[in-house]
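The values are calculated or read from the model by the stated rules, or taken from the named source; none is laboratory data. Remember, predicted model here, so these are calculated numbers, not experimental data. Cβ placement follows ideal geometry from the backbone for every residue including glycine, while neighbour counts extend to all protein chains displayed. Only protein heavy atoms, including side chains, enter the accessible area calculation; ligands, DNA and RNA are left aside. Shrake-Rupley method; radii C 1.70, N 1.55, O 1.52, S 1.80 Å.
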Amino acid sequence: MSSTNTVPNEPERKNPVEEPGAAIDTSKMSAGQRAALELTEAARDAASERGSFAGGLFMGQFGLDAVHPFPSQKPEDRDQGDAFLQRLERFLREQVDPDEIDRTGEIPPGTIRELAAMGAFGIKISPDYGGLGLSQTNYCRAAILLGSYCGNLTALISAHQSIGVPQPLILFGNEEQKRKFLPRMAKGEISAFALTESGVGSDPAKMQTRAEPTPDGSHFVLNGEKLWCTNGTKAGVIVVMARTPPKMVNGKPKDQITAFIVEMDTPGVEVAHRCRFMGLRALYNGVIRFTDVRVPRENILLAEGKGLRVALSTLNTGRLTLPAACVGLSKRCLEIVRKWAGERVQWGAPIGKHAAIADRIARMAASTFAMEAMTLYTASLVDRDKKSDIRLEAAMCKMWGSEVSWEIVNDTMQIRGGRGYETADSLKARGDQPAPVERLFRDSRINAIFEGSSEIMRLFIAREALEPHLKIAAPVLNSQLPLAQRMKAALKAAWFYARWYPKQFLPRLEIFQAMLAHGPKLDRQQVLLGRFVEIGTELFAIAATCSRAQALLASRDETRKRETLELVDYFCRSARLRIERNFAGLRHNADRQGYRVAQEVLAGKHNWLEEGTVGRVD
Ligand SMILES: Cc1cc2nc3c(=O)[nH]c(=O)nc-3n(C[C@H](O)[C@H](O)[C@H](O)COP(=O)(O)OP(=O)(O)OC[C@H]3O[C@@H](n4cnc5c(N)ncnc54)[C@H](O)[C@@H]3O)c2cc1C
């Protein structure tokens with residue numbers, strides 16, 4: 001990149017430890033890995049001083065006060081939500097046929113119009129801008145309802161207001177931008193979010209879409225192509241992440257990514273292809289091409305160079321919709337299974353009486369309760385304070401919710417047997433119960449991939465969770481720093497851990513010991529870190545579950561109380577077993593051997609395994 005098109009210098013950072021990413025030793029990384037890490041580190045919000053329940057867990061602190069008593073929804077907020085949810089439910093039940101939408105790959109225009117008329121495109125937008133102004137909790141309740149019924153409508157509504165224009169605009173837009181765009185969004189003009197490119201999936205450092213300022217600085221000229229933009233083929237306006245001229249930081253050019261609001265009718269914007277998928281067949285998802293598209297400077301969100309921060313912050317709250325939809329999906333599966341496993345008799349008994357099936361049903365029910373408790377808890381944090389640091393909790397909800405609901409839908413298919421695999425249309429045509437398990441299965445597989453894949457969520461959670469430890473201990477282990485600085489950091493770390501270590505209630509201080517064993521390479525131990533992430537997430541699930549159960553007991557009769565306690569007791573026992581397995585895996589595992597085998601496979605050393613097959617990819 002030439003230095004002629006750089007923007008004015010940022011003040012020099014005096015202390016390299018304060019440099020983004022300095023907590024992580026990047027000296028042994030490849031250039032590509034370092035670029036990706038430095039870019040995302042620079043866009044991270046600094047760790048919040050407010051602390052979070054999930055963050056505390058990784059420091060050995062159990063902040064019970066943060067989860068208990070369970071932050072139940074206020075009656076007036078619930079009433080406000082109920083009015084909208086009742087309309088939405090009636091409309092879905094009476095006028096929407098999700099199997100038809102799946103079959104045709106199109107959402108009828110009338111359905112979109114009706115949804116717009118009831119305010120479904122402006123659920124969280126303030127009434128000042130023409131929206132319903134409902135809380136995050138009510139928005140999640142709407143996602144639960146939609147997720148239980150139609151994946152395509154869930155994706156339409158969610159891509160529009162969880163990650164599309166309204167969410168980053170509410171977070172970062174100036175008043176002029178809000179007045180210009182939010183009323184249009186609230187009325188039903190569809191929006192989208194375009195980050196992904198062919199070379200940019202999980203790694204934004206490789207972004208090719210560029211925006212160059214015009215000589216008078218009034219506009220930026222956008223060129224490039226975005227992939228898999230949900231709603232992109234129907235949207236009126238979208239948020240586009242693009243590379244803008246680099247900025248000089250510490251004498252070096254630093255890559256810049258900027259978020260632009262782009263009107264789809266601007267000359268040069270083209271829907272190059274509508275993508276089709278295994279599930280979500282009516283997704284209006286496409287490849288969007290930009291050729292010399294002039295975007296006014298006033299359409300920049302937050303500021304030039306802050307695009308990745310806009311994207312990451314948008315996704316932090318935005319990704320809470322997905323676990324809410326997963327709760328809806330899981331509840332639906334539970335209903336299908338409850339009816340089927342009770343009435344289908346094989347080998348002399350209803351299949352639900354056979355222990356192997358009963359085991360799946362118990363897991364489904366308990367996990368659904370936990371998923372709902374985690375999601376509603378996290379939504380309540382947003383309602384309490386819009387600036388709440390929910391990064392860890394939302395990521396845990398997304399990772400855990402998408403993976404567990406996938407197990408739930410998979411269990412549902414198994415329990416429905418051949419009927420699970422048959423399409424609803426085919427079941428109906430031959431007079432059988434048309435439970436749409438095959439559609440739910442296809443539609444839900446994507447949940448663990450988009451809005452932060454499970455692997456990236458694990459890395460993200462590990463990064464955020466280790467932040468306090470990295471701040472204290474990583475400078476000691478970072479070979480890039482001067483010796484004197486490392487010695488000073490060592491004294492600070494020794495003082496901290498001498499007091500911290502004896503206070504821990506966990507019998508084995510595994511994170512601390514792993515840091516000593518792996519030093520600066522810990523961030524590269526993905527499988528090991530994944531186990532810490534699982535343990536933290538299960539502890540969060542247990543805490544949210546127990547707290548919500550306690551809150552529900554107050555309003556339940558004796559029978560319901562006993563049922564709730566039984567369900568929660570089963571969940572906690574199973575979660576505890578999973579935690580124990582993860583602790584055991586920290587000490588006894590085959591990670592190193594597995595990694596070696598994978599590298600050998602990639603190097604073609606086990607090609608003989610593929611012999612005797614058709615269609616080898618060479
Ligand atoms: C139906 C659909 C809708 C979408 N909607 C949108 C949208 O509206 N807007 C938008 O911008 N994007 C959208 N996307 C893109 C989506 O967010 C990406 O698919 C996702 O970010 C993953 O990127 P990728 O598919 O290129 O996978 P890659 O990044 O190529 O990753 C492939 C695999 O490697 C893993 N992986 C990658 N990096 C690492 C690492 N460092 N460590 C360990 N594992 C790693 C990933 O988890 C994944 O399993 C959509 C995609 C689909 C399929």
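Here are a few things to note about the model shown:
- Charge tally for residue 80 (other residues, Cβ to Cβ under 13 Å; Lys, Arg +1; Asp, Glu -1): 0.
- Phi-based couplings in Hz for region 228-239 (Karplus 6.51, -1.76, 1.60; Gly and Pro marked x): 6, 7, 5, 6, x, 7, 10, 6, x, 8, 9, 9
- Probe 1.4 Å, protein heavy atoms only - accessible area per residue of region 125-217 in square angstrom: 35
- More than 17 angstrom apart: percent of Cα pairs within region 122-251: 65
- Placing dummy labels 7 Å off each Cα toward the beta-carbon, the span from residue 277 to residue 128 is 3.5 nm.
- Measuring spread by the Cα atoms of region 217-334 yields a radius of gyration and Dmax of 17.1, 59 Å.
- In sequence order, region 299-306 has phi-based couplings of 8, 6, 8, 6, 5, 4, x, 9 Hz under the Karplus curve 6.51 cos²θ - 1.76 cosθ + 1.60, θ = phi - 60°, and Gly or Pro positions carry x.
- Stokes-Einstein diffusion for region 532-616 at 37 °C, viscosity 0.692 mPa s, with a Kirkwood radius from C-alpha pairs, works out to 196 µm²/s.
- Based on Cα atoms of region 46-151, Rg over Rh with Rh as the Kirkwood radius reads 1.12.
- Long pairs among 74/561; 254/306; 206/226; 187/234; 206/306; 124/187, criterion Cα-Cα beyond 18 Å: 74/561
- Cα centroid separation - region 233-302 against region 368-408, whole Å: 29
- Between residue 125 and 132, 133, 134, the built amide H atoms are under 5 Å apart, and every one of these is 5 or more places off in sequence or on another chain.
- Kirkwood radius and radius of gyration were both taken over the C-alpha atoms of region 530-579, and their ratio Rg/Rh is 1.08.
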